[in-house]
Amino acid sequence: MADYRYLPLDTLRFPLIARFYKDYYPAGKPKKDEVIWTMEGSDGLLGAVRFRQFESFQLLTGMLIHPDVRRQKLGKAFLNAIEKQTESKRCYCLAYRYLIPLYEDAAFEVIDADALPEELKGRYISYCNSGKDLVPMLYLAK
């Protein structure tokens, strides 16, 4: 397997991340106040994941793997490599249903929507009402 580096984003590189999302996941617009981790290989940027911070929890959002390297288990490796971030504060994600196994492998568990904090519940309902097939999940430390 190739050698990958998993790094918190240096703020000077934010434009690179913004472009990466614009090219491969236009709906996932990164924000400068998010905690962003990158996955890089010898060919450059291969992945990014964002953590939106709330007072008592964080939301893992917008995980993106470059289309040329998908289906190589890099998402799983990425999530495992950044577990100190997911363990740093209660961590939720609103995962597409087909990605449940990926997140379960990284110690996330499906939860009932009623267990979401109020700040996320409305967002979750809105996303689902717009046609997205999402499932609320919570990280449980390994």
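The values are calculated or read from the model by the stated rules, or taken from the named source; none is laboratory data. It should be emphasised that the depicted structure is a prediction, and the values quoted were computed from it without experimental measurement. Reconstructed Cβ throughout: ideal geometry from the backbone, glycine too, with neighbour counts over all protein chains shown.
Restricting attention to the stretch 60-92, and to residues there that are touching a helix residue (DSSP H, G or I) at 6+ places or on another chain (Cβ under 9 Å) and of a type in the set (G, A, S), which single residue is nearest to V49 (Cα to Cα)? Here the residue is G62. In the stretch 103-116, the residues that are within 17 Å of V49 (Cβ to Cβ) form Cβ pairs under 7 Å with partners that are of a type in the set (S, T, N, Q) and at pLDDT below 95, at six or more places apart or across chains, as follows: A106/N80.
If you check L138 against the conditions, is it surrounded by 15 or more Cβ atoms within 10 Å (Cβ to Cβ), in contact with a helix residue (DSSP H, G or I) (Cβ under 8 Å, 6 or more places away or on another chain) and closer than 23 Å to P8 by Cβ? For L138, the condition - surrounded by 15 or more Cβ atoms within 10 Å (Cβ to Cβ), in contact with a helix residue (DSSP H, G or I) (Cβ under 8 Å, 6 or more places away or on another chain) and closer than 23 Å to P8 by Cβ - is met. In this entry, E34 is excluded by the filter for residues that are exposed (fewer than 14 other Cβ atoms within 10 Å of the Cβ) and among the charged types (D, E, K, R). Mind checking whether some residue in the stretch 92-107 is more than 26 Å from F20 (Cα to Cα), within 16 Å of the chain's Cα centre (by Cα) and not charged (D, E, K, R)? Yes, the stretch 92-107 contains at least one residue that is more than 26 Å from F20 (Cα to Cα), within 16 Å of the chain's Cα centre (by Cα) and not charged (D, E, K, R).
Consider F78 against the criteria (1) under 10 Å from the mean Cα position of the chain (by Cα); (2) surrounded by fewer than 14 Cβ atoms within 10 Å (Cβ to Cβ); (3) aromatic (F, W, Y): it satisfies all of them except one. Which criterion is unmet? All conditions are met except number (2).
Being assigned to a strand (DSSP E or B) and under 20 Å from A106 (Cα atoms), is that true of even one residue in the stretch 65-84? Show your work before the answer.
Filtering the stretch 65-84 down to residues assigned to a strand (DSSP E or B) leaves 65.
Pick out the ones that are also under 20 Å from A106 (Cα atoms) and you get 65.
Within the stretch 65-84, one or more residues are assigned to a strand (DSSP E or B) and under 20 Å from A106 (Cα atoms).
Condition (residue is of a type in the set (S, T, N, Q) and touching an Asp or Glu at 6+ places or on another chain (Cβ under 8 Å)) applied to the stretch 2-19: is it met by at least one residue? Even if it seems obvious, please write down each step before you answer.
At the first step, the residues of the stretch 2-19 found to be of a type in the set (S, T, N, Q) are 11.
Add one more test, that the residue is touching an Asp or Glu at 6+ places or on another chain (Cβ under 8 Å), and what stays is none.
No, the stretch 2-19 contains no residue that is of a type in the set (S, T, N, Q) and touching an Asp or Glu at 6+ places or on another chain (Cβ under 8 Å).
Condition check ((1) at negative phi; (2) at pLDDT 95 or above; (3) touching a Cys at 6+ places or on another chain (Cβ under 6 Å)) across all residues:
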site	(1), (2), (3)
I100	yes, yes, no
I111	yes, yes, no
D114	yes, yes, no
P117	yes, yes, no
R123	yes, no, no
S126	yes, no, no
K132	yes, no, no
M137	yes, yes, yes
A141	yes, no, no
